[in-house]
Each structure stands twice: as structure tokens, then as C-alpha cells.
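One structure is given below, encoded as C-alpha cells.
A short reminder: the numbers here are calculations on the coordinates, not readings from a lab. All of these numbers come straight from a predicted model, not from anything done at the bench. Here the Cβ positions follow ideal geometry from the backbone for every residue, glycine too, while neighbour counts run over all protein chains shown.
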Amino acid sequence: MNASLKPVRTSADAETSARVDLAACYRLADRFGLNEGIDNHLTLLVPGYSDRFLLAPFGMHWSEVKASDFLAVDFTGRVVSGQGSVEDTAMYIHQPVHRLSPQGRCVLHTHMPYATALCMLENPRLEMAVQSALGFYNDVAYDRTYNGLAFDVSEGERLARALGSKSVLMMANHGVLVVGKTVPQAFERLYFLERAAQAQVLALSTGRPLRLIPDAIIQKTIEQFDAGGSVGGRDRADLHFDALKRVLDRSKSDYAS
């Protein structure tokens, strides 16, 4: 659990930047088909605080979310700023994960199709059979219990415990939870998780067995991923997210308003 719930001195610019990134995250999730109607939630701790998070008001489509739309909600469920409604599962899933997971400054919960398809299987494991999956080696937790809708804090706390120190939780018969210390890091995980799941589902649809990558090659590739994690002194996730925001800037630039 986070040690302090007291605000830290921060600038308005930090929150503005955080709001823009989270709004871009909503728009990009819609662009890539990772959303489901107006349901699911993407949240981010307010910069300088460990007891409140940014959340889009319930009822907005992800394609219309703007930086100025976000509510700031504290861990008691009180809306500190903004106008709109807080949907129950946003509070009962996201608050415990933000509160109990140090790596969960940004928490993305979606029912994106291919990863959710894996969660419907008796064996939901993301197999080490394609390069994009190797980036998730030993970083995916599996929750084998579906308890219905998360309408109480104990269910969110159970999910946070199931996540543990990982960045991904595959939720049985439900969907996925992906966390990161920044919006770019979390979105990078979300995006490539769905791509890896898509490749696995398509490969399995042929009815032919998967060709798993040998352990020695997995370890070598992970070391290569680590060595190549930055390019030109910048993190790959930041470079990817900046490129995606430029795509939005050319077509849907109102996300930043």
C-alpha cells in the first residue's frame, strides 16, 4: 500500500500533461478497437497525489474524451473536481489497484477482443510462440476466478492481490487489467498484449499446434529487449506514444483540449 496519501507539491503543467496523455490513451484505445461501448475504464493517479485518480465521466464514448473532461476522484469515491458520474466498477476495480499496486499509477481495464478471447479458455496462457509475446515473459498474472461484476471493494482488492507485482492480469471470463508507471508504458503493454493475443488466436484457429520458442532463445531475446529498450536516449514506449499522439493531432486534435 502507498505509504503516504498526502499531496506533494506539483505544477499545473504536470496535471495538464497527464490529462492530455490519458485523453490520448482513450482515443487510441478506441482507434484500435480495444474498447467496448461506453464500458471499462482507463485511469491515472493525479500527479503529486497518491490518493486520487483521473477518470472519464461514465457515459462518454472513448472517441470523444478530452483532457478537460476528466473527473478527479479520491479513494473514498468523492469527486474532487469535474462534472459527471463515477460508475461503480471504476471505483471498485481501479481504486484498489491504484492503492495496493506500486507499479499501478496508470491502470487500464478493457475487454479487448483477442486478449479477452484467451481469458475465455480453460488454459488462458499467453504462449511464448511469437516475438511480441516474449516481452510479457514472467510478467502476466492469471486470475482463474470469475465472481460477476465488481460491485464491492473486496473484489477489487482480490484482483489487485492476483495482479501482484506483474503488469498484466488476465481475468477469467472477463477481460484484462494492464498497469504501468506512466500512460505511455501502460498503453505500450496494452497494445502489444492485444497484438500477441491476436497472433496466438489466429495461429490456433488453423487447428495446427503452436511452435513454442525454446527457453534459451526466450532468455536471449529478453536480454536483447532490455538492451534495446531505448533509442536515441529515449524509451521506446515514449517514442511510440508520441508517434501515436502525432497521428491523433492530424485528425482528432481536440483530445488535448
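Structure values in brief
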| item | result |
| --- | --- |
| Residues that are buried (at least 17 other Cβ atoms within 10 Å of the Cβ) and of a type outside the set (Asp, Glu), drawn from region 137-152 | VAL140, ALA141, TYR142, ALA150 |
| Selected residue (only one of VAL130, VAL86, VAL65 is on the phi < 0 side of the Ramachandran plot and touching a strand residue (DSSP E or B) at 6+ places or on another chain (Cβ under 7 Å)) | VAL86 |
| Answer residue from region 177-201, given it is among the β-branched types (Val, Ile, Thr) and in a strand (DSSP E or B) and is surrounded by the most Cβ atoms within 10 Å (Cβ to Cβ) among those | VAL178 |
| Elements of type strands (runs of 3 or more DSSP E) contained in region 36-136, each with 1 or more residues being surrounded by fewer than 23 Cβ atoms within 10 Å (Cβ to Cβ) | 41-45, 71-74, 79-81 |
| Matching option when the condition is closer than 30 Å to TRP62 by Cα, surrounded by fewer than 16 Cβ atoms within 10 Å (Cβ to Cβ) and out of contact with any Pro (no Cβ under 9 Å at 6 or more places or on another chain), among ARG208, ARG250 | ARG250 |
| Among residues of region 162-218, those that are among the charged types (D, E, K, R) and within 20 Å of ARG236 (Cα to Cα), counted | 6 |
| Unmet requirement for TRP62, which otherwise passes all of (1) in contact with a helix residue (DSSP H, G or I) (Cβ under 6 Å, 6 or more places away or on another chain); (2) of a type outside the set (Val, Ile, Thr); (3) farther than 16 Å from PHE187 by Cα | (3) |
| Residue check for CYS119: in contact with a Gly (Cβ under 6 Å, 6 or more places away or on another chain) and of a type in the set (A, V, I, L, M, F, W, C) | no |
| Filter result (hydroxyl-bearing (Ser, Thr, Tyr) and touching a residue at least 60 places away in the same chain (Cβ under 8 Å)) within region 204-223 | THR221 |
| Enumeration of residues in region 67-118 that are touching a residue at least 24 places away in the same chain (Cβ under 8 Å), of a type in the set (D, E, K, R) and more than 28 Å from LEU248 (Cβ to Cβ) | ASP88, ARG99 |
| Search result, residues across region 157-179 that are among the hydrophobic types (A, V, I, L, M, F, W, C) and free of Cβ contacts under 8 Å to residues at least 60 places away in the same chain | ALA162, VAL168, LEU169, MET170, MET171, ALA172 |
| Only one of ASP226, ASP238 that is in contact (Cβ under 8 Å) with a residue 24 or more places away in the chain and surrounded by fewer than 17 Cβ atoms within 10 Å (Cβ to Cβ) | ASP238 |
| Options MET112, MET120; residue that is touching a strand residue (DSSP E or B) at 6+ places or on another chain (Cβ under 7 Å) and within 29 Å of ILE213 (Cα to Cα) | MET112 |
| Identity of the residue in region 137-169, within 16 Å of the chain's Cα centre (by Cα) and part of a loop (DSSP other than H, G, I, E, B), that ends up farthest from THR76 (Cα to Cα) | ASP139 |
| Matching residues, region 202-239, being farther than 28 Å from PRO113 by Cα and part of a helix (DSSP H, G or I) | ASP215, ALA216, ILE217, GLN219, LYS220, GLU223, GLN224, ASP226, ALA227 |
